[in-house]
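Read through the structure below, which is laid out as structure tokens, and then see the notes.
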């Protein structure tokens, strides 16, 4: 069928306008909210909560670099403490669980900043996990699949040897002889492990 040139040009012009409207007008209507929902979902999954471990940043609501007063206001007086040379380790036994201590290492920049600030936080409760579900009880293989690790320390407790593996992202993992994680330390990115004062006890506390 023969189509006159002027009608052919009109058809092409109409088709082009329709495509522009779909790309601009329709695209904005249909894609705006799904994009916002997706972004909100990602942001929500990264928000700190009481048991989220974020390497280099936080343990629950406690932030690396915050003043130690934020800890004491939340947890009260520690069950054990040690201090020297502007540095301190405080240990709590949340809910009376002496076999799941929470240890926090703080330090003062003496002469510059007299505020004791959180430098490292050690957790032993399996309730704490990263967004990848890494926590106390995870295997060394599971941890190493996510974080490049290097051995930085070994120590003995109650006749057992434990190895500390560090990840430059800001987390260290204490592993027992069965290659299971028994504690996680969240610290500043690039910080030296271990600390001036040990975060781990020399013996397992009496759970009674």
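Observations on the structure shown:
- Answer from 66, 82, 158 - the residue that is under 16 Å from the mean Cα position of the chain (by Cα) and in contact (Cβ under 8 Å) with a residue 12 or more places away in the chain: 66
- Of the residues making up the range 176-208, those that are surrounded by fewer than 21 Cβ atoms within 10 Å (Cβ to Cβ) and modelled with pLDDT of 95 or more number 6.
- Residue in the range 127-140 that is in contact with a helix residue (DSSP H, G or I) (Cβ under 9 Å, 6 or more places away or on another chain), surrounded by 14 or more Cβ atoms within 10 Å (Cβ to Cβ), within 27 Å of residue 87 (Cα to Cα) and modelled with pLDDT of 90 or more present: no
- All positions within the range 97-126 that are in a strand (DSSP E or B) and modelled with pLDDT under 85: 109, 113, 114
- Unique match (being assigned by TED's automatic domain parsing to the domain that holds residue 58 and closer than 16 Å to residue 192 by Cβ) among 124, 130, 115, 106: 106
- Hits in the range 85-96 - residues which are in a loop (DSSP other than H, G, I, E, B) and over 23 Å from the mean Cα position of the chain (by Cα): 85, 86
The values are calculated or read from the model by the stated rules, or taken from the named source; none is laboratory data. As the structure is a prediction and not an experimental result, all values here were calculated from the model. When we count neighbours, we look across all protein chains shown, and the Cβ atoms used for this are built from the backbone with ideal geometry, even at glycine.
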